[in-house]
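Inspection log for the structure reproduced underneath, given as structure tokens.
Just so it is clear, none of the values below were taken in a lab; they were calculated from the coordinates. Predicted model only: the values in this text are computed from it and were never measured. Neighbour counts run over all protein chains shown; Cβ positions are idealised from the backbone, glycine included.
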Amino acid sequence: MKWEYLVATLQGFSLIFDDEEGSQDKRSIRGGLDHLGSLGWELVTSSDESLLGSPKGIMLIFKRPRHQQ
């Protein structure tokens, strides 16, 4: 099975990610997680970006099966 991945950032009380049209989407944490889950995204892992020297927040990585073309 092939996967596609999405990287989101958790900043304060917001979840920020690029939507399927390539525009940045900013939602409440719960709203963002519910939205991504409804699109088939599953949280794989998270990382505190401050450990990498970036003050951006927490990076969340999601995956879902890639649609066959």
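Numbers below:
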| quantity | calculated |
| --- | --- |
| Net dipole in debye of segment 1-62 [+1 Lys, Arg Cβ; -1 Asp, Glu Cβ; about Cα centre; nearest 20] | 200 debye |
| Net charge of neighbours whose Cβ lies under 13 Å from the Cβ of residue 18, counting Lys and Arg as +1 and Asp and Glu as -1 | -3 |
| Cα-projected label distance for residue 45 with residue 26, points at 7 Å along beta-carbon direction, nm | 2.8 nm |
| Whichever lysines have a C-alpha closer than 22 Å to that of residue 2, once near sequence neighbours (fewer than 8 apart) are set aside | 63 |
| Summed side-chain charge close to residue 65 - residues other than residue 65 whose Cβ falls under 12 Å, Lys, Arg +1, Asp, Glu -1 | +2 |
| Computed helical MRE - 222 nm, the chain, DSSP H runs ≥ 4 contributing -39500 (n - 2.57), nearest 500 | -4500 deg cm²/dmol |
| Semi-axes of the equivalent ellipsoid for the chain, Cα gyration tensor, largest first, Å | 21, 14, 10 |
